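Trainee: The structure's right below; bear with me while I get my questions together.
Readers should treat all values here as calculations from the given coordinates under stated rules, not as data from a laboratory. What you see is a predicted model, and the numbers here were worked out from it, not measured in a lab. With ideal geometry, Cβ positions are generated from the backbone for all residues, glycine too; neighbour counts draw on all protein chains shown.
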């Protein structure tokens, strides 16, 4: 059994599609199929269930994948640690996020550490989970969190959902609203498929209502349109402190929503971490602790004002 076989199996297990896996590995599909068949023959068990059009990782394959992930992480970590010892190259940070807004303000950290090198990407939650388990990235910041027995997940922030409105909007003088009463307002939402959109869709589904979506777009355009009073949007309470909207934008409590948005920092258990990755993880935890304090202070101020 060779490391190349294991790496090929890992990629096929990720895609569960021979053509896509072969394209990523830059080999022909027949050659990849041969490698996987030989691996299964050597093990004496099938790792995938197959039909005429697709392959699916079976129970044997799932168990084997966990072992393969651990083996390859150990190999890669050993190589990485030795390289760092020899070349003093302990300066790389590889991370993935479900939203780039989680890294708002990280320019401060970058300026403080000009020698650090970065590999950052925005990915869907299932892709990030695979990257963590296979050791492709050091860290992930996601919402919802990613949990597995081979991962270490740390809650950074338990965020409330709020309504963001322009100060000239008729709702701006309200302290709180119910989603059921504002379902016909002009909502500007993120595009489908993004985790925050999935979470906000669930808020309406919980209440059995369908909102009036006038726009589905990316983060930047949504911010601009809300700032321009074109419509309203659902935002997280920490967006106020992370300066994601203009300072004049008002944030209203949502009375009929109990769900929260958990922002979670995740890394692979027992994976070698570069000094840069360790320092950035500590920076993130400290930064989000500041957001938690600001949120608590604001809540206390609002409570005192209502007395």
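Trainee: Of all DSSP beta bridges located in the chain, what percent are antiparallel, nearest 5?
Mentor: 60 percent
Trainee: Still on this structure: Against the longest alpha carbon principal axis of the chain, how many degrees, from 0 to 90 and to the nearest 10, is the axis of helix 275-306 turned?
Mentor: Helix 275-306 and the main axis of the chain meet at about 20 degrees.
Trainee: Which ordering of 242, 121, 261, 222 is given by a fewest-first count of other beta-carbon atoms within 10 Å?
Mentor: Least crowded to most crowded, the residues run 121, 242, 261, 222.
Trainee: If you take the square roots of the eigenvalues of the alpha-carbon gyration tensor of region 159-261 and sort them as a ≥ b ≥ c, do you get rounded (a/c under 1.5), prolate (a/b over b/c) or oblate?
Mentor: rounded
Trainee: What angle, in degrees between 0 and 90 and rounded to the nearest 10, separates the Cα long axis of helix 59-87 from the longest principal axis of the Cα atoms of the chain?
Mentor: That works out to roughly 90 degrees.
Trainee: Hey, with R₀ at 22 Å, roughly what FRET efficiency would residue 23 and residue 126 work out to, going by the Cβ-Cβ distance, to 0.05?
Mentor: 0.70
Trainee: Using R₀ = 45 Å, calculate the FRET efficiency as 1/(1 + (r/R₀)^6) where r is the Cβ-Cβ separation of residue 227 and residue 45; round to 0.05.
Mentor: Using R0 = 45 Å, I get an efficiency of 0.20.
Trainee: Is the shape of region 49-153 rounded, prolate or oblate, going by the alpha carbon gyration tensor and its root eigenvalues a ≥ b ≥ c, with a/c under 1.5 for rounded and a/b larger than b/c for prolate?
Mentor: In terms of gyration-tensor shape, oblate.
Trainee: Please identify, among 123, 149, 279, the residue showing maximal mean-square fluctuation in a Gaussian network model of the chain using a 10 angstrom Cα cutoff.
Mentor: Of the options given, 149 has the highest mean-square fluctuation.
Trainee: Can I ask one more? Based solely on its DSSP helices, what 222 nm [θ] is calculated for the chain when runs of n ≥ 4 H residues each add -39,500 (n - 2.57) and the sum is averaged over all residues, nearest 500 deg cm²/dmol?
Mentor: -14500 deg cm²/dmol
Trainee: Moving to a separate point now. Using a Gaussian network for the chain with springs between C-alpha atoms less than 10 Å apart, which of these wobbles most: 191, 41, 104?
Mentor: Result for the chain, Cα springs under 10 Å: 41 fluctuates most.
Trainee: Okay, next question. Among 159, 256, 218, rank each residue by its count of other Cβ atoms within 10 Å, from fewest to most, as a rough exposure measure.
Mentor: Exposure proxy ranking, most exposed first: 218, 256, 159.
Trainee: Also, I was wondering about something else. Which whole-number percent gives the relative contact order of the chain, counting Cα pairs below 8 Å spaced six or more residues apart?
Mentor: 21 percent
Trainee: Next up: Once you put a point 7 Å from the Cα of residue 198 and another 7 Å from the Cα of residue 53, both along the Cβ direction, what distance in nm separates them?
Mentor: So the two model labels end up 2.4 nm from each other.
Trainee: Considering the values (i) 23.1, 74; (ii) 18.7, 58; (iii) 21.0, 62, which represents Rg and Dmax of the Cα atoms in Å as calculated for the structure under consideration?
Mentor: Computed from the coordinates, Rg and Dmax of the Cα atoms in Å corresponds to (i).
Trainee: Given region 159-261, what percent of its DSSP beta bridges are antiparallel, to the nearest 5?
Mentor: Bridges in region 159-261 are about 60 percent antiparallel.
Trainee: To continue, here is another question. Rounded to the nearest 0.05, what FRET efficiency do residue 147 and residue 92 have when you use their Cβ-Cβ distance and R0 = 22 Å?
Mentor: After rounding to 0.05, the efficiency reads 0.30.
Trainee: First check a/c for region 102-183, with a ≥ b ≥ c the square roots of the eigenvalues of its C-alpha gyration tensor; if it is under 1.5, answer rounded, and if not, answer prolate when a/b is larger than b/c or oblate otherwise.
Mentor: Because a/c hits 1.5 or more and a/b fails to exceed b/c, region 102-183 counts as oblate.
Trainee: Rank the residues 171, 43 as a footprinting-exposure proxy: fewest other Cβ atoms within 10 Å of their Cβ go first.
Mentor: Least to most surrounded, the residues fall as 43, 171.
Trainee: Hey, another quick one. Using alpha carbons only, how many degrees (0 to 90, rounded to 10) separate the axis of helix 3-15 from the longest principal axis of the chain?
Mentor: Roughly 40 degrees, rounded to the nearest 10.
Trainee: Then there is this: Just 51, 227, 173 to compare: in a GNM of the chain, with alpha carbon springs under 10 Å, which one fluctuates most?
Mentor: Per the Cα network of the chain with a 10 Å cutoff, 51 tops the list.
Trainee: Cα centroids of region 1-79 and region 203-247: how far apart, whole angstrom?
Mentor: Each part reduced to its Cα centre gives a spacing of 42 Å.
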